[in-house]
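Remarks on the structure that follows.
The values are calculated or read from the model by the stated rules, or taken from the named source; none is laboratory data. The model shown is predicted, which means the values in this text are computed figures rather than measured ones. Neighbour counts run over all protein chains shown; Cβ positions are idealised from the backbone, glycine included. What goes into the accessible areas is simple: the full protein's heavy atoms, side chains included, and nothing from ligands, DNA or RNA. Shrake-Rupley method; radii C 1.70, N 1.55, O 1.52, S 1.80 Å.
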Amino acid sequence: MYRKFSISFLCLFLALLLGCGALVYVIDPMFHYHAPWTSLPPVTTDERHQVGGIAENFDYDSILIGTSVTANFRASWFDEAFSCKTAKFTFPGGNFGEFIKALDMAYEDHEIQRVFWGLDTNLLTAFPQESTELLPDYLYNDNPWDDVEYLYNKDVLFRQIVSMLYAFRWGPVPTVDDLFAWENRYEWGPQAVMKVYGRPEPTPMMGSDIFSAETSANFQIILPYVQAHPETEFYFFIPPYSIVFWDRVYRRGTLEGTLSAQEAALQALAQCDNVHVYYPCAEEEVICDLEQYTDPIHYSPKVNQWITEKMASSSGLTPQEIPQAVEEMRQLAWNYPYEELFALYPPQLPPET
C-alpha cells in the first residue's frame, strides 16, 4: 500500500511539474520560446526579462532602443511613419552593454534595416557602463538546461501569468504595442516635476571640455558598432529633457560641458554615411511645457509621438547645421527666466549639494 501511494504521489508530482512547465511554455510571458500564441494581454513591465525573447522571436526589420525616456514610444508609430516592422528594446537606466547585447541578438537572426536610438545626455556625460549583470543569463543564452530557472520560476507562475489572466478578465488590457510604456503609473505636470527636484546651489561655470573623456569613451563603443553595420540606417536622437534639467546643469556649472558633449556626439555620428541625427532639445514649446513631464527628464507619450513625426519628416541634421541647433539650446538655457518658473512652482526637495 505504501509503495502504491508513493508511486501515485510521484506520478502526481511529475504531472504537476510537467503541467507547470507546459503552462509557462505555452503562455511564455517573457517571449523566451515564441511570440505570443494566445490572446492574453502581455506583461509590459519586465524589460530586462523580455527583451532577449523579443530580439530572438519577434518578426521585425527595425529596432527602437534606449532607456526609460524611450519607453513611451509605440512601435506602431515607427511602422506607420517608416513603413517598417519595429521591435522595442528599452531598458530603464540602461547602459551600452545592455544595448549592444540586445542588438547583437537581433542581428543574429534578422536583417535590420533601421535602428532608432535614443542617446541620453546622462549617458553621454558619464563613463560607459558595459555590465549586463542585470540581464538574466538563462533568458539570453542558448543553453536549454538552465531554462528550468524560467519554466519553474515562482515569479513567472504566480505573478506574471496571474497578472495576464487578471488583465484579460478585468482589464485594463495592454497590447504588445504597449510593451514597457509606463505613462499611466506616474503623475504629470509642474507639481509632479517639482516634487522630485531640489535646486542646486549656484556653482561657477566650468569649461566646455569637462565631459570630453566621457564622451570619447562612449563613442569608442557606439561608432565601431555603427560602422560594422553599413547595411543598417541608424537614427540617433538626443531626448529632450525639460527646462528644469537645464536649470540643474546651469546651476551646477556643467551647462557648457553638457552642450559640448551633445554637439560632439552629433558631429561624430553625422560623419557616418548610414546615420541620421536629430536634436529635438531646443524646442521651447516642448521642453518648457512641464505638463508633458513627470520629472526633469522624463516626458509624456505626446512628446514621444512628436519626436517620431520629426524624425519621419526630415533626414536629420547635417554637420553644418549642428552648431546652430546646439546654439539655440545654449541661448535658451542661458536666458530662460528660471526665477519666474520657480516662483510659481517651488522645488519640493532640499537644494542639491
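Quick notes
- In region 188-220, the residues that are of a type in the set (Val, Ile, Thr) and surrounded by fewer than 16 Cβ atoms within 10 Å (Cβ to Cβ): Val196, Thr203
- Number of positions in region 111-144 that are farther than 28 Å from Ala282 by Cα, open to solvent by 30 Å² or more (accessible area, probe 1.4 Å) and assigned to a loop (DSSP other than H, G, I, E, B): 10
- Region 315-352 - residue that is in contact with a strand residue (DSSP E or B) (Cβ under 8 Å, 6 or more places away or on another chain) and assigned to a loop (DSSP other than H, G, I, E, B) and, of those, surrounded by the fewest Cβ atoms within 10 Å (Cβ to Cβ): Ser315
- Restricted to region 145-187, and to residues there that are over 23 Å from Phe73 (Cβ atoms), open to solvent by 90 Å² or more (accessible area, probe 1.4 Å) and not aromatic (Phe, Trp, Tyr), the residue that is modelled with the lowest pLDDT is Arg169.
Residues checked against (1) among the small types (Gly, Ala, Ser); (2) more than 25 Å from Pro172 (Cα to Cα); (3) assigned to a helix (DSSP H, G or I):
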site	(1), (2), (3)
Leu17	no, yes, yes
Pro42	no, no, no
Arg48	no, no, yes
Trp77	no, no, yes
Phe89	no, no, no
Phe99	no, yes, yes
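- Any hit, region 230-246, residues being in contact with a Lys or Arg (Cβ under 7 Å, 6 or more places away or on another chain) and open to solvent by 40 Å² or more (accessible area, probe 1.4 Å): yes
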